[in-house]
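No lab work stands behind these numbers, since they all come straight from the coordinates. Predicted model only: the values in this text are computed from it and were never measured. Note that we place each Cβ from the backbone using ideal geometry, even for glycine, and neighbour counts take in every protein chain shown.
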Amino acid sequence: MKVFITGASGYIGKATVAALLRHGHVVEALARSARSAAAMSEAGATPVSGGLSDLDVLTTAASRADAVIHLAQADSAEADLAAATAMQDGVGAGTYVHTGGTWVYGDTDGIADEDAAWNPPSIVAWREEVEEKVLSRAHNGGRPVVIRPGLLYGGENRLIDVFFTKPGKESGAIPYLGDGTNHWSLVHVDDLAELYVAALNAKAGSVYNGVGGVDPTTHEIATAISHGAGLDGKTISLSLNDARAQMGPIADAFALDQRFTPARAQAELGWTPRHTDPLAIFAQG
């Protein structure tokens, strides 16, 4: 396929572009800067100059593609929906893969799947309206697919590092929230990239949770990261109020207790996560 992708120079994007090319797809990638364009060219993709607010550029690029993967983070719900609409208009009956996230479910009270009720923290509450409108195009000849990744690790591992690294340096121990018994549903970035490739063949209106099926507690994660950071497993509890003061509203998302199964993507797309021991990777540093 010829695939148009946004967010190609980001953490997930770089892994996804590499996976698309490995599978023989031709990639055009939105590039906001000369630096991003050069990086995409070096990776083997054809850069398309523009940003998410350049709706005509998005529509035109999507119209040249057989499928679109939208990974870039918009500044608001309105901006994200406008970009999604422009690309869905362009790709027509081709596959449009939209990125959400598992935080929208809130606490899962055990192992959940894609049909779990939404109970999002404020930082991601805006996603519901956007995803509903994206998926509604399935009733009008479109082929929308939504992927909701769990917390990512592997490679640059930026999301989890944002939470742990700064407090860890200040205290000499890696923090976890509260009593550390809440679970994080993790996925390796390379496995997630393969899911995006597999989703190009998904049915219209499909939703998949991009998770690895391994959901350690935050205390277990903190301990493993502590070993990897050379801190001999030292950890420290951080109250939710202190986390909010340090991080803002994203702290409430990190405090969620979430466990998910990847069974739907495995059954419908044949996608099987290869990385199943995140704690070992964290412990390696």
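Overview of results
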quantity: Charge dipole of the chain about the Cα centre (unit charges at C-beta), most positive-ward option of 185, 202, 136; calculated: 202
quantity: Rg/Rg_globular for the chain, with Rg_globular taken as 2.2 N^0.38 Å and Rg from C-alpha atoms; calculated: 1.00
quantity: Where Cα atoms sit under 20 Å apart: lysine pairs in the chain separated by 8 or more or lying on different chains; calculated: 5
quantity: 214, 57, 68 arranged by Cβ crowding within 10 Å, fewest neighbours leading; calculated: 57, 214, 68
quantity: Packing-based exposure ordering (other Cβ within 10 Å, fewest first) of 14, 133; calculated: 133, 14
quantity: Cβ-placed point charges (K, R +1; D, E -1), dipole of the chain about Cα centre in debye, nearest 20; calculated: 720
quantity: Förster-model FRET efficiency, 25 Å R0, residue 138 and residue 201, C-beta, rounded to 0.05; calculated: 0.95
quantity: Residue-count net charge about residue 84 - beta-carbon cut-off 10 Å; Lys, Arg +1, Asp, Glu -1; calculated: -1
quantity: Ranking of 49, 76 by count of other Cβ atoms within 10 Å, fewest first; calculated: 76, 49
